[in-house]
Amino acid sequence: MPYLTLKDSTSLFYKDWGTGQPIVFSHGWPLNADAWDAQMLFLGNHGYRVIAHDRRSHGRSGQTWDGNEMETYAGDLAQLFEHLNLTNAVMIGHSTGGGEVAHYLGRYGTKRVSKAVLIGAVPPVMVKKESNPGGLPIEVFDEIRANTAANRSQFFQDLALPFYGYNRSGAKVSKGIIDNFWFQGMAGGHKGLYDCVKAFSETDFTEDLKKIDIPVLVLHGEDDQIVPYMDAGVLSAKILPNATLKTYPGFPHGMCTTEADTINAALLAFLQS
């Protein structure tokens, strides 16, 4: 399996499959690159080169005590772009990964990237504050931190239910998907996952979004219980200079997995447009 040794000697795991125009995926918390399996197989089979990394302290990448914040995440991604010499790439980010994509583009620009997709993404900012009155109270994220610190194994089992909408009446629950969510979460480093809660909830991506001058597709489930769509995807689409917004009634936060056929079709149409 490929690893990149970053400038601070941290090992960054990544998958690099197929040939063609590169598509670079950034995953959500507390997951890893395997969260993109459905999209990577589908788009790889349609002639694209598909690349996904495990963010530092997630999955198979090195577990670091420091650097588990958006500035470093974006810098790690920039090193991966340089290592693979990627150009004309499409960036796709889900949840926390959407923040990573936005911050990369805001900091490093779009010279290597032609399009981007934000799916159930955390921008512009999740936490409630004076400039973001529709956000979630800080106590919500304090509770996530407390549960992660106290018993993350049980917490990840519990969190999978709202993540995939399995707590809704009539939902067809997949034990395999829940187990995979738990497995990916437990593969990450405890300290890094704890720190990442602050990164995805308190980072303000507003200025990053304003700088993104390429076409951006914004996808969000209207029944997203993790990142409520009205204060995330809808607001991001208003800030982005060149955005297309699609929302899906009844779709959960983890819709890339539970509604893969619909999401894959939307991605392919955007890539071919």
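Across the range 81-219, Cα pairs under 8 Å and at least six residues apart give a relative contact order of 36 percent. Given axes a ≥ b ≥ c from the Cα gyration tensor, I'd like to know whether the chain is rounded (a/c under 1.5), prolate (a/b larger than b/c) or oblate. It comes out rounded by the Cα gyration axes. Helices meeting the span-like rule in the chain (full DSSP H runs, Cα extent of at least 20 Å along the helix axis, mean Kyte-Doolittle score of -1.0 or higher): 70-84, 138-163. Here the range 1-117 carries DSSP beta bridges of which approximately 35% are antiparallel, counting only pairs with both residues inside.
The residues of the range 160-269 expose on average 43 square angstrom of accessible surface per residue, using a 1.4 Å probe on protein heavy atoms.
Here is the list for the range 50-148: trypsin sites (Lys or Arg not before Pro) lying in DSSP coil, each with at most 13 other C-beta atoms within 10 angstrom of its C-beta, are Lys111. Solvent-accessible surface of the range 111-152, taken per residue with a 1.4 Å probe and all protein chains present: 47 Å².
Amide H to amide H, with H built 1.01 Å from N, Trp29 comes under 5 Å of Thr96, Gly97, counting only residues 5 or more places away or on other chains. Each part reduced to its alpha carbon centroid, the range 64-100 and the range 170-227 end up 14 Å apart. Solvent exposure of the range 35-87 amounts to 37 Å² per residue of accessible area, where only protein heavy atoms count and the probe is 1.4 Å.
Among the chymotrypsin sites (Phe, Trp or Tyr not before Pro) in the range 62-102, those located in a DSSP loop and surrounded by at most 13 other Cβ atoms within 10 Å of their own Cβ are Trp65. Classify the range 160-273 from the C-alpha gyration tensor, please: rounded if a/c falls under 1.5, else prolate or oblate depending on whether a/b exceeds b/c. Oblate, because a/c is 1.5 or more while a/b does not exceed b/c. When the GluC sites (Glu not before Pro) in the range 42-146 are filtered for DSSP coil states and for at most 13 other beta-carbon atoms within 10 Å of their beta-carbon, the remaining sites are Glu130.
Between Ser9 and Thr244, the FRET efficiency from the beta-carbon distance, with R0 = 35 Å, is close to 0.30. The value of relative contact order for the chain, using C-alpha pairs under 8 Å at least six residues apart, is 21 percent.
Leaving ligands, DNA and RNA out of it, report the carbon-plus-sulfur percent of the accessible area of the chain at a 1.4 Å probe. Heavy-atom surface of the chain belonging to carbon and sulfur, 1.4 Å probe: 52 percent.
Bridges between two residues of the chain, per DSSP, are antiparallel at a rate of about 25%. Counting only residues at least eight positions apart within a chain, or on another chain, the aspartates and glutamates with an alpha carbon under 17 Å from that of Lys211 are Glu71, Glu100. Full extension of the chain between Met186 and Gln154 gives 10.5 nm of extra length, using 0.36 nm per residue less the Cα-Cα distance. Here's the picture: charge each Lys and Arg Cβ at +1 and each Asp and Glu Cβ at -1 in the range 25-76, and of Ala74, Phe25, Met40 the one pushed furthest to the positive end of that dipole is Met40.
The values are calculated or read from the model by the stated rules, or taken from the named source; none is laboratory data. As the structure is a prediction and not an experimental result, all values here were calculated from the model. Using ideal geometry, Cβ is built from the backbone for each residue, glycine included, and neighbour counts are taken over all protein chains shown. Note: areas computed on protein heavy atoms with side chains; ligands, DNA, RNA excluded. Shrake-Rupley method; radii C 1.70, N 1.55, O 1.52, S 1.80 Å.
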